[in-house]
Amino acid sequence: MSDPDLLRGRARAQSTVSVADGAAMDEDEEVSGGIRVSVRIRPLNERELNENQTILWECTETSLKCEHQKGHKNFTFDNVFSNACTNEEVYLAVAKPLVAQAMQGYNGTVFTYGQTGSGKTHSILGNDQDPGITIRCIGDIFKHIRANPDVEYSLKVSYMEVYNEEINDLLSEGEEGRNLRILQDDPVKGPVIGGLTEEDVPDEGAVHKVLQRGE
């Protein structure tokens, strides 16, 4: 997505698009390690509605089209979610297959990208009426654990941010948790970040408390 019109957008639509990357796959699908890219258009906020702004993007389930003075441009993705979609729809298509594969021992990542105000936090955390991707992942992980009582699981949680090319530990209160470094790329765990806090979490409530501390 190197096209500048997509990255910057037009004045009335530039803050309405966010992107989620994930190696999404069905539970019975062979694990390929591929990357899939999904786009979500957020609804206009109160200020934008009061200013009579409009969303310039037209979308189908897999494409976006933007009309402008020189004609129109089309962009194709694995999933495109309109401004009317819910977090549940996004989760089912993008993240739920990853959770199923993760519980079988495969690594998986959902990465959200977008400028400030594009809707990343709502997609990831959501609200009480429409929980986001992270909250739904937690629920499905522990649902899987309860359904497999003969298997012993050990769960640890870290909470960090990547901001201005710095890795910061959101569970650390001191300076030692800022500007951390990737020490190695473990063949099982993936990238290992030096000094990053890891906390044992026996149940869903413990995970939610960790998230609340990091916010």
Next on the checklist: Can you compute the radius of gyration and Dmax for region 115-176, using only the Cα atoms, both in Å?
Outcome noted: 15.6, 44
Checklist entry - Rounded to the nearest 10 Å², what accessible area does residue 162 show when all protein chains are kept and the probe is 1.4 Å? => result 110
Checklist entry - So, in nm, how far is label residue 176 from label residue 92 when the simple model puts each one 7 Å beyond its Cα toward the Cβ? => result 4.6
Checklist outcome for this item: Of 111, 81, ordered by accessible area with the largest first and a 1.4 Å probe, the sequence is 111, 81
Checklist entry - If you rank 128, 186 by how much accessible surface each has, with a 1.4 Å probe, what is the order from largest down? => result 128, 186
Item to check | Alpha-carbon centroid distance for the pair region 166-215 / region 72-146, whole angstrom | outcome: 20
Checklist entry - With every protein chain in place, what's the accessible area of residue 197 (1.4 Å probe, Å², nearest 10)? => result 40
Checklist entry - Length gain on complete extension for the stretch residue 154 to residue 128, per 0.36 nm per residue less the alpha carbon to alpha carbon distance? => result 6.6 nm
Next on the checklist: For residue 44, what accessible surface area do you get with a 1.4 Å probe? Give it in Å², rounded to 10.
Outcome noted: 40
Next on the checklist: Give me the percent of accessible area attributable to carbon and sulfur for region 124-215, probe 1.4 angstrom.
Outcome noted: 48
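The values are calculated or read from the model by the stated rules, or taken from the named source; none is laboratory data. The model shown is predicted, which means the values in this text are computed figures rather than measured ones. Quick reminder, even Gly has a Cβ in these numbers, built from the backbone with ideal geometry, and neighbours come from all protein chains shown. Ligands, DNA and RNA are excluded from the accessible area calculation, which covers all protein heavy atoms including side chains. Shrake-Rupley method; radii C 1.70, N 1.55, O 1.52, S 1.80 Å.
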